[in-house]
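Computed from the coordinates by the stated procedures, all read-outs in this text should not be read as laboratory data. The shown structure was predicted, so the numbers you read here are calculated from the model rather than taken from an experiment. Note that each Cβ is placed from the backbone with ideal geometry, even for glycine, and that neighbours are counted across all protein chains shown.
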Amino acid sequence: MISDEKLQKRIEWYPHEGQKKVHETSKEKREVIIVAGRRWGKSAISGYIIVRTFLEKLLEIRGGKSSSVKIWIVAPTYELANKVFEYVVKFLLAYDKRYGQFIQTRPTQSITLSEGIWIQCKSTTEPMGLLGEELDLQVVDEAALIPEQIYHQYLKPTMLSRKGK
């Protein structure tokens, strides 16, 4: 189990009270919706939750409890997904610079350690690219701009078999 206090100190990021509440809720609930204005820190807390989940799942893999970790950052455009991805990169590199060798920016932003161990950015402008995957975690940024059909037909099914969040 990863200690939030130690992780936040190591990456030098300290959430405000609202972000703490979102994080605590994300530990208990499968789906969390953040309704907050600009500059509130939604991308930062999303990046933190992704990194924490990724690191926890890596511990499970090392302990033989799991064999993969699959995380998507989804947004209406790749440019918007990149806003969250930038925090993921910042936090992972602060945690351990060796993760830098796994960061890819082409054709899309991703961090790939192996075939089944990755974080990927996805855009809903290309819904066919959202088919066929099973995820542990999916962060949907700017969800209000994503058509409801895309959510129900392409995004929600990716979370069912692995009981993803």
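Straight Cα distances below 20 angstrom link K21 to the lysines K6, K9, K29, K42, K165, with same-chain residues fewer than 8 positions distant left out. Each peptide among 107-114, 119-126, 145-152, 8-15 gets the average number of other Cβ atoms lying within 10 Å of its residues, and from highest to lowest they stand as 119-126, 107-114, 8-15, 145-152. Calculated FRET efficiency, K156 to E86, Cβ-Cβ distance, R0 = 25 Å: about 0.45 to the nearest 0.05.
I need to check one value: relative contact order of the chain, counting alpha carbon pairs closer than 8 Å and at least 6 residues apart, in percent.
Reported as a whole number, the value is 24 percent.
Let a ≥ b ≥ c be the square roots of the eigenvalues of the Cα gyration tensor of segment 1-52; is it rounded (a/c under 1.5), or, if not, prolate (a/b larger than b/c) or oblate? It is oblate, given that a/c is not under 1.5 and a/b is not larger than b/c.
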